[in-house]
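K.L.:
Let me give you the structure first, and then I'll get to my questions.
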Amino acid sequence: MGNFTKDVKSVVVDIRGVSCCMPPVGEFIIEMRQQPKDAVIELLTDKKEDVDEVLDWIKRVHQETLSVIEETGYWRIFAKKVSNM
């Protein structure tokens, strides 16, 4: 996982500070399903458990994790949709 983030256009899903009836990670899943093949989706979250949940989901549905970056107070996850879902 390299430093590709400056050159890649991604769809951003920002769930920092979100708490509602639907799990915040659900927003990421919905966005991934709606995007075309080869799209890059970036998730911003301030909860470590969201990071673990998203990485597990990406692996289970056979998509690709490109990078996980820990920033001050939040994480950025970059994933690529490699096949239709």
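The values are calculated or read from the model by the stated rules, or taken from the named source; none is laboratory data. None of the values given here were measured: they were computed from a predicted structure. Here Cβ is always computed from backbone atoms with ideal geometry, including for glycine, and neighbour counts include all displayed protein chains.
K.L.:
Within region 23-43, is there a residue that is at pLDDT below 85, part of a loop (DSSP other than H, G, I, E, B) and of a type in the set (Gly, Ala, Ser)?
P.N.:
Checking region 23-43: not a single residue is at pLDDT below 85, part of a loop (DSSP other than H, G, I, E, B) and of a type in the set (Gly, Ala, Ser).
K.L.:
Could you list, in sequence order, the residues of region 58-83 that are part of a loop (DSSP other than H, G, I, E, B) and crowded, with 19+ Cβ neighbours inside 10 Å?
P.N.:
Passing the criteria: only Lys81.
K.L.:
Within the set of pairs 6 or more residues apart or between chains, which connect a residue that is free of Cβ contacts under 8 Å to residues at least 12 places away in the same chain inside region 47-66 to a residue that is surrounded by fewer than 15 Cβ atoms within 10 Å (Cβ to Cβ) with Cβ atoms less than 9 Å apart?
P.N.:
Taking only residues 6 or more apart or on different chains, the pairs are Lys59/Thr65.
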